Amino acid sequence: MENEIVFLGERIIANKFLIAKDVNDSRLVEYTDLEREQVAPFEQEIINIRANFIGIFGEILKNRLGEEESFEIISKWGMETGEMIYKTGASLEEALKDTRYYRSYIWRAIKDEVMSNNISMETIFTIGSIIDPLMDHAAYAFSLAYIKNFEQNMTKAKEALIELSVPVVPLKKGYAILPLIGNLDTERARILMEETTNTALRLNLEKLIIDISGVYIVDTMVADQIFKLIDALKLLGVETILTGVRPEVAQTMIGLGVDFSGIKVATNVERAMIEFHI
């Protein structure tokens, strides 16, 4: 049986490009004319990638690798390929459709060898117990890598969006305004602190107007983050004026026990600019 498994592994390796071509042709049938036109310049590269994946199963059989080592190899393939496919812009659903074709055509190649070389049923069952779990794990590892890259990209996009929502707008040398709009969650509050203090240093600010007229929900966390920002700016030598505190927000903040005694407050931006002599 051992020799038969090694033999079948060698045959998969020898025929990996033929199997890959079959997989590729079957997938192309499902594509639209436009999709086929788009992938045409990369077809040989795609076939090479498919052949490399198919060859991994042949190597595992040929070298009689243990379960742990085999799964490690497949995991590495899944992580690398999942990241690569994500970067091409292909959908996870479309990419996973390949799985059934790999399984089908690898087994078809094995069947041809079995019929031609009188391979024992014990060998066939053993190979099945090796290939099928590895194929399932390949789909899992691939999906995991794809989703991980998707989540990382979404996080970066969210951070970029939040940074754009924390604009410190210069008014004149040493003076600027920070108009806050929308809700302040933990992540945005972190970026608010980082971006504002960094910008204050870069612009060498002396005075900053913080306008919260666009912040509609003020709870303990929001008030705490605003006051922490004011304290941080004070340590940098930046004087601040808080504007846009609507009556209902003021009532909420007083109800939360917020102490305004150490904070300069103006009714609106215009009044703050007058006070700052802008």
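The values are calculated or read from the model by the stated rules, or taken from the named source; none is laboratory data. Everything quoted here is computed from the prediction, not taken from an experiment. With ideal geometry, Cβ positions are generated from the backbone for all residues, glycine too; neighbour counts draw on all protein chains shown. Remember, those area values only see protein heavy atoms, side chains included, never the ligands or the DNA or RNA. Shrake-Rupley method; radii C 1.70, N 1.55, O 1.52, S 1.80 Å.
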**Request:** Could you list, in sequence order, all residues of region 50-101 that are of a type in the set (F, W, Y) and within 20 Å of I19 (Cα to Cα)?
**Result:** F53, F57, W77, Y101
**Request:** Among the numbered conditions (1) of a type outside the set (K, R); (2) open to solvent by 10 Å² or more (accessible area, probe 1.4 Å); (3) modelled with pLDDT of 75 or more; (4) over 17 Å from V265 (Cβ atoms), tell me where L192 comes up short.
**Result:** (2)
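Right, F17: more than 24 Å from A141 (Cα to Cα), in a helix (DSSP H, G or I) and either touching a residue at least 12 places away in the same chain (Cβ under 8 Å) or open to solvent by 80 Å² or more (accessible area, probe 1.4 Å) (or both) or not? Break it down into steps so the answer makes sense when it comes.
Working: more than 24 Å from A141 (Cα to Cα): no; in a helix (DSSP H, G or I): yes; either touching a residue at least 12 places away in the same chain (Cβ under 8 Å) or open to solvent by 80 Å² or more (accessible area, probe 1.4 Å) (or both): yes.
No.
Tell me, which residue of region 236-261 that is open to solvent by 40 Å² or more (accessible area, probe 1.4 Å) and modelled with pLDDT of 90 or more is farthest from N204 (Cα to Cα)?
Initially, region 236-261 is screened for residues open to solvent by 40 Å² or more (accessible area, probe 1.4 Å), giving 236-237, 239, 246-248, 251-252, 254-257, 259-261.
Going one step further and asking which of them are modelled with pLDDT of 90 or more, we end up with 236-237, 239.
Details: L236: 9, G237: 9, E239: 12 Å.
Across region 236-261, the extreme among qualifying residues is E239.
Within region 100-124, which residues are open to solvent by 80 Å² or more (accessible area, probe 1.4 Å) and either part of a helix (DSSP H, G or I) or within 18 Å of V39 (Cα to Cα) (or both)? Outline the logic, then answer.
Looking only at region 100-124, we keep the residues that are open to solvent by 80 Å² or more (accessible area, probe 1.4 Å), and these are 100, 108, 111-112, 115-116, 118, 121-122.
Matches in region 100-124: R100, R108, K111, D112, M115, S116, M121, E122.
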**Asked** Quick one: is G55 open to solvent by 60 Å² or more (accessible area, probe 1.4 Å) and of a type in the set (G, A, S)?
**Response** no
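Check region 213-235 and report whether any residue there is in contact with a Pro (Cβ under 7 Å, 6 or more places away or on another chain) and open to solvent by less than 20 Å² (accessible area, probe 1.4 Å). Let's see the steps before the verdict.
Step one: of region 213-235, the residues in contact with a Pro (Cβ under 7 Å, 6 or more places away or on another chain) are 214.
Filter once more, keeping what is open to solvent by less than 20 Å² (accessible area, probe 1.4 Å): 214.
Scanning region 213-235, I find at least one residue that is in contact with a Pro (Cβ under 7 Å, 6 or more places away or on another chain) and open to solvent by less than 20 Å² (accessible area, probe 1.4 Å), so the answer is yes.
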**Request:** Would you check if there is a residue in region 157-176 being touching a helix residue (DSSP H, G or I) at 6+ places or on another chain (Cβ under 9 Å), small (G, A, S), within 27 Å of V265 (Cβ to Cβ) and open to solvent by less than 80 Å² (accessible area, probe 1.4 Å)?
**Result:** yes
